[in-house]
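Chemist: A single structure is presented below for examination.
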Amino acid sequence: MAKYIFTLPDIGEGIAEAEIVQWHIALGDMIEEDQPVADMMTDKATVEMESPVSGKIIAVAGEEGDIIAIGSMLIEIEVAEGEGNQDNQFDSDEISDKIEVDSSSNDTSKTDVITPIEDETVHSDSAPLDSAPVESIEPPHDTGSAVSPAKPTKVTASAAVRARAKTLGVDLAAVKAAGPHVRHADLDAYLSYGAAQGYGTAAAERADETVKVIGMRRKIAENMIISKRTIPHFTYVEEIDVTDLEAMRADLNANRGDRPKLTILPLLIAAISKSIPDFPMINSTYDDEAGVVTRHGCINMGIATQTEAGLKVPVIHNAHALNIWQLSNEIKSLSSSSRDNSISVQKLQGATLTLTSLGPLGGIATTPVINKPEVAIIGPNKIVERPVIINGEIEARKLMNLSISCDHRVVDGYDAASFVQALKKLLETPVLLFAD
């Protein structure tokens, strides 16, 4: 038999390393040519690696979450004689970190290490309580005290009850027994009524869970750290009356035909696109190292999208050139492809401004984090109906708070407030969205 070492290929221009996000194989597996073996994530995209040959997996580069360099070993495969790639063989020192399995055996199991449990911590409740040994618990007291202590209360209980009470952190002296000894039923009654003041516990006890931060979640964490550490954020929030906007949206949806249902986002993007020419600093990117701010002529609108893999920001390129129905189509398409991981790398790059929305979970106000190197991010919040006094009369109106976070190195507070006021005017008088 021969060995074939599959090295991590160059999967993107300028990419030097990639993270193992998920293995599709395990040591000892028999695989076929072109079978997926791993998902590798770079700064730009997640790429599925396929095996170039058929054979048996005898070594892998590491665990999920590990980062390996382009050109280094990804997997080692045992192949038929004559199908190996001697040119890519590594010295033993170069692959000392890889995980190997004996190629002569398909058994990849590991022997579990079993830690014995002391007998005194394990008790069986299967025997009748009356037959269980009963011991007394006498609270300790200071015999050297000048004042005679009060006579201690003796508590008797089975070993099983005592062990359970210890695990729950319950002092048996506080448990009222129905008989001569504290039993499980007495402990249950105390937990349900005594310790909780007549109510059951809020939730069942749960064990701690350790989750490794890898893949998209790690990339999000890294980007957020950089953004909050390097960008002096400030947030401005304004209340907007969207009653007329919502009425117009309802009319448009009632007559949309086979077009997708409009949400408020296409209308908000239209308002942003109409306002940006007067506030070019909002649609900018900032190169910290070069000390250069680029005020972009086109609006490439990032749409923050929640997926199972984490937050992604697909981009509507040239959003200013699209009408509300085209914007709606783009939002639907980008959201779908982001969630099923079919989105292209190009659709995740080049944003000049980001829009983030939690939909009906939007809350009263948000303080969104800027997507570096952009200098602003806009967040519409939940629409609520509230009473408003208009011309001395109380009316029910639909109100929405709009949040914007800006990079204070580039955008002044006055500019941000003025921009939001321009949006407010357009959204409160929606006919202006379609006026020249």
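The values are calculated or read from the model by the stated rules, or taken from the named source; none is laboratory data. Quantities reported herein were computed from a predicted structural model and do not represent experimental measurements. Counting neighbours? That spans all protein chains shown, and the Cβs are built from the backbone with ideal geometry, glycine included. Keep in mind that these areas ignore ligands, DNA and RNA; they rest on the heavy atoms of the full protein, side chains included. Shrake-Rupley method; radii C 1.70, N 1.55, O 1.52, S 1.80 Å.
Chemist: Please identify the pairs in which a residue from segment 169-192 that is closer than 17 Å to GLU205 by Cα has its Cβ atom under 7 Å from the Cβ atom of a residue that is open to solvent by less than 40 Å² (accessible area, probe 1.4 Å) and in a loop (DSSP other than H, G, I, E, B), counting only partners at least 6 apart or on another chain.
Modeler: So the pair list comes out as LEU187/VAL170; LEU187/VAL175; TYR190/VAL170; TYR190/VAL175.
Chemist: Follow-up. Can we say ALA416 is over 19 Å from THR356 (Cα atoms) and either hydrophobic (A, V, I, L, M, F, W, C) or surrounded by 13 or more Cβ atoms within 10 Å (Cβ to Cβ) (or both)?
Modeler: Criteria not met by ALA416.
Chemist: A follow-up question, please. Can you work out which of the residues in segment 361-380 that are at pLDDT 95 or above and not in a loop (DSSP other than H, G, I, E, B) is farthest from ARG229 (Cα to Cα)?
Modeler: Result: PRO380.
Chemist: If only one of ARG259, ARG183, ARG249 is touching a helix residue (DSSP H, G or I) at 6+ places or on another chain (Cβ under 8 Å) and within 30 Å of THR167 (Cβ to Cβ), which one is it?
Modeler: On the way: ARG259 fails: within 30 Å of THR167 (Cβ to Cβ); ARG249 fails: within 30 Å of THR167 (Cβ to Cβ).
Testing whether each residue is touching a helix residue (DSSP H, G or I) at 6+ places or on another chain (Cβ under 8 Å) and within 30 Å of THR167 (Cβ to Cβ) leaves just ARG183.
Chemist: How do the pairs read when you match residues in segment 333-361 that are of a type in the set (Val, Ile, Thr) with residues anywhere that are surrounded by 13 or more Cβ atoms within 10 Å (Cβ to Cβ) and at pLDDT below 90, using Cβ under 7 Å and keeping only pairs 6 or more apart or on different chains?
Modeler: VAL345/LYS44; VAL345/ALA45
Chemist: Continuing with the same structure: Only residues that are more than 30 Å from the chain's Cα centre (by Cα) and of a type outside the set (Ser, Thr, Tyr): list them for segment 41-72, please.
Modeler: PRO52, VAL53, GLY55, LYS56, ILE57, ILE58, ALA59, GLY71
Chemist: What are the residues in segment 302-339 that are within 16 Å of the chain's Cα centre (by Cα), not in a helix (DSSP H, G or I) and not β-branched (Val, Ile, Thr), if any?
Modeler: ALA304, GLN306, GLU308, ALA309, GLY310, LEU311, LYS312
Chemist: Within segment 34-71, which residues are touching a Leu at 6+ places or on another chain (Cβ under 6 Å) and surrounded by fewer than 17 Cβ atoms within 10 Å (Cβ to Cβ)?
Modeler: ILE70
Chemist: Checking the condition under 23 Å from SER336 (Cα atoms) and in contact with a strand residue (DSSP E or B) (Cβ under 7 Å, 6 or more places away or on another chain), which residue from LEU262, LEU268 passes? Write out each step before concluding.
Modeler: On the way: LEU262 fails: in contact with a strand residue (DSSP E or B) (Cβ under 7 Å, 6 or more places away or on another chain).
Sole residue among the options that is under 23 Å from SER336 (Cα atoms) and in contact with a strand residue (DSSP E or B) (Cβ under 7 Å, 6 or more places away or on another chain): LEU268.
Chemist: Moving on to the next point. When you scan segment 376-389, do you find a residue that is open to solvent by 70 Å² or more (accessible area, probe 1.4 Å) and of a type in the set (A, V, I, L, M), even just one?
Modeler: Yes, the conditions are met somewhere in segment 376-389.
Chemist: Which of (1) modelled with pLDDT of 85 or more; (2) surrounded by 13 or more Cβ atoms within 10 Å (Cβ to Cβ); (3) under 30 Å from ILE67 (Cα atoms) is the odd one out, the single condition ILE225 does not satisfy?
Modeler: Checking ILE225 against (1) modelled with pLDDT of 85 or more; (2) surrounded by 13 or more Cβ atoms within 10 Å (Cβ to Cβ); (3) under 30 Å from ILE67 (Cα atoms), the one that fails is (2).
Chemist: If you don't mind, there's one more thing I want to ask. Scan segment 422-436 residue by residue and report those that are loosely packed, with under 12 Cβ neighbours inside 10 Å and under 17 Å from GLU239 (Cβ atoms).
Modeler: If the condition is that a residue be loosely packed, with under 12 Cβ neighbours inside 10 Å and under 17 Å from GLU239 (Cβ atoms), then no residue fits.
Chemist: Let me ask something additional. Would you check if ALA304 is buried (at least 17 other Cβ atoms within 10 Å of the Cβ), in contact with a helix residue (DSSP H, G or I) (Cβ under 6 Å, 6 or more places away or on another chain) and not hydroxyl-bearing (Ser, Thr, Tyr)?
Modeler: When the stated conditions are applied, ALA304 does not pass them.
Chemist: Separate question: Residues in segment 281-297 that are in contact (Cβ under 8 Å) with a residue 12 or more places away in the chain, in contact with a strand residue (DSSP E or B) (Cβ under 9 Å, 6 or more places away or on another chain) and open to solvent by 40 Å² or more (accessible area, probe 1.4 Å): how many?
Modeler: 5
Chemist: Still on this model: Take GLY28 and decide whether it is surrounded by fewer than 19 Cβ atoms within 10 Å (Cβ to Cβ), closer than 16 Å to ALA2 by Cα and not β-branched (Val, Ile, Thr).
Modeler: Considered against the rule, which asks whether it is surrounded by fewer than 19 Cβ atoms within 10 Å (Cβ to Cβ), closer than 16 Å to ALA2 by Cα and not β-branched (Val, Ile, Thr), GLY28 comes out as yes.
Chemist: Any residue in segment 244-260 that's closer than 14 Å to VAL431 by Cα and at pLDDT 95 or above: show its pairings with residues that are open to solvent by less than 50 Å² (accessible area, probe 1.4 Å) and outside any loop (DSSP other than H, G, I, E, B) at Cβ separation under 7 Å, as long as the two are six or more apart or on different chains.
Modeler: Listed by first residue and then by second, the contacts come to ASP244/PRO430; LEU245/LEU267; LEU245/LEU427; LEU245/PRO430; MET248/PRO430; ARG249/ILE264; ARG249/LEU267.
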